[in-house]
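The values are calculated or read from the model by the stated rules, or taken from the named source; none is laboratory data. Since the structure is predicted, the reported quantities are computational estimates derived from the model, not experimental observations. As a convention, Cβ positions derive from the backbone with ideal geometry for all residues, glycine included, and neighbour counts pool all protein chains shown. Side chains are part of the model used for accessible areas, which takes the heavy atoms of the whole protein and leaves out ligands, DNA and RNA. Shrake-Rupley method; radii C 1.70, N 1.55, O 1.52, S 1.80 Å.
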Amino acid sequence: MRAEALIDLAALRGNIAALRDRVGSAGIMSVVKADAYGHGAVPCARAALAAGAGWLGTATPEEALALRAAGIGPQDARMLCWLWTPGSPWRETVAADIDISVSGLWALPHVLDAVRAVGRPARVQLKADTGLGRNGAQPAEWSALVAAARAAEAEGLISVTGVWSHFACADEPGHPSIAAQLTAYREALAVAEAAGLRPEVRHIANSPATLTLPESHFDLVRAGLAQYGLSPVPEIGSPADFGLRPVMSLVARIAQVKQVPGGHGVSYGHTYVTPGETTLALVPLGYADGIPRHASGAGPVWLADKWRTVAGRVAMDQFVVDLGGDAAEVGDVAVLFGSGERGEPTAEDWARAAGTISYEIVTRIGARVPRRYLGGDD
Ligand SMILES: *Cc1c(COP(=O)(O)O)cnc(C)c1O
């Protein structure tokens, strides 16, 4: 093993249980887009379902279809995917009984073509842009979209199973856009209701709203980051404060240990120069593995019983740490991040070192790093 990402499925199940306690009668959609934020979509989806999530959410239809292909059937999980383009696999998605998010009038003809080709009605969820300004229908288009969807429903071509939206600033509790979006969402729901739509699920909450805004829970919450045990609001609470435990740990075996004299430049650009004679350890992970180059000179590593800091630049495949006077051996295990429960850094620590968010740290861990699953129940 050069390096591996350990994925604690027991922690993931515990996180889903903690979220269920928090949301009461609302359901949980486990968001497993982007290979479950780098954790592995199929094992994480199965663990989330085993812990009581009823829905799976993905960005692309291809991601949702891969879950169906892996054997997660409609009796196991409802699925929703929300990022569509004209060339998307509309027919396959209808055939696989996966809910299609429709963000504008442009998409309905694609759905109806697929329905006619496949010969079964589509499950459609209408997405309102309540202020995020990303996908979703603007208020000016909403009434027409609702009317067109209701007409297709009356013809038996589709079933409108959801009306939903997404927050822009739920990670900043008290931000004025949050209340404004909730009001806009309630208005969008009222328009849909008045037009005769009776969606099974109404949902707007992502992880930060799930943790901080109970009035946003409606019928379903869409939990991504929180189920992976990371805090979407690190300034407000740690994972433990929310009853969550980090799921991914990233470890690597030291590939070289050597003595170097003082004044020795380290890694590209010599941005680090040894302050005196010292021991350098080589960690065989780099930006090709998702270690942010922005964490050069800053990223933390647990090695030889202490926190160390990346010395110099992170390269494509490797980086160096300066052990000072301490000893280590080739083959020793360095922990880049883990739960933090044994003193090691966390993904949040790396996010801070790289000037980003923990979402990006775990999601970008590359395909060259094998995932090993712990705590599976089969
Ligand atoms: C990614 C995503 C989520 C999950 O967000 P988290 O903050 O990770 O919980 C929910 N809804 C949509 C539309 C998303 O794109």
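If you scan region 139-185, which residues turn out to be in a strand (DSSP E or B) and either over 12 Å from I204 (Cβ atoms) or away from the ligand (no atom under 16 Å from the Cβ) (or both)? Working first, answer last.
If we filter region 139-185 for residues that are in a strand (DSSP E or B), which is where we start, we get 158-164.
Selection gives I158, S159, V160, T161.
Scanning region 325-341 turns up no residue that is more than 28 Å from Y373 (Cβ to Cβ), in a strand (DSSP E or B) and touching a Leu at 6+ places or on another chain (Cβ under 6 Å). Taking the conditions exactly as written (more than 16 Å from the ligand (Cβ to nearest atom), β-branched (V, I, T) and open to solvent by 10 Å² or more (accessible area, probe 1.4 Å)), does V118 satisfy them or not? Answer is yes for this residue.
If you filter region 301-314 down to residues that are touching a Phe, Trp or Tyr at 6+ places or on another chain (Cβ under 9 Å) and open to solvent by 10 Å² or more (accessible area, probe 1.4 Å), you find that the one that is farthest from E341 (Cα to Cα) is R313.
Table: residues versus (1) modelled with pLDDT of 95 or more; (2) under 14 Å from G27 (Cα atoms); (3) in contact with a helix residue (DSSP H, G or I) (Cβ under 9 Å, 6 or more places away or on another chain).
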| site | (1), (2), (3) |
| --- | --- |
| A195 | yes, no, yes |
| L213 | yes, no, yes |
| F218 | yes, yes, yes |
| L230 | yes, no, yes |
| L244 | yes, no, yes |
| Q256 | yes, no, no |
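Being within 11 Å of the ligand (Cβ to nearest atom), more than 17 Å from E187 (Cα to Cα) and assigned to a loop (DSSP other than H, G, I, E, B) is the filter; apply it to region 197-231 and report the residue that is most open to solvent (accessible area, probe 1.4 Å). Among those residues, the one meeting the criterion is N206.
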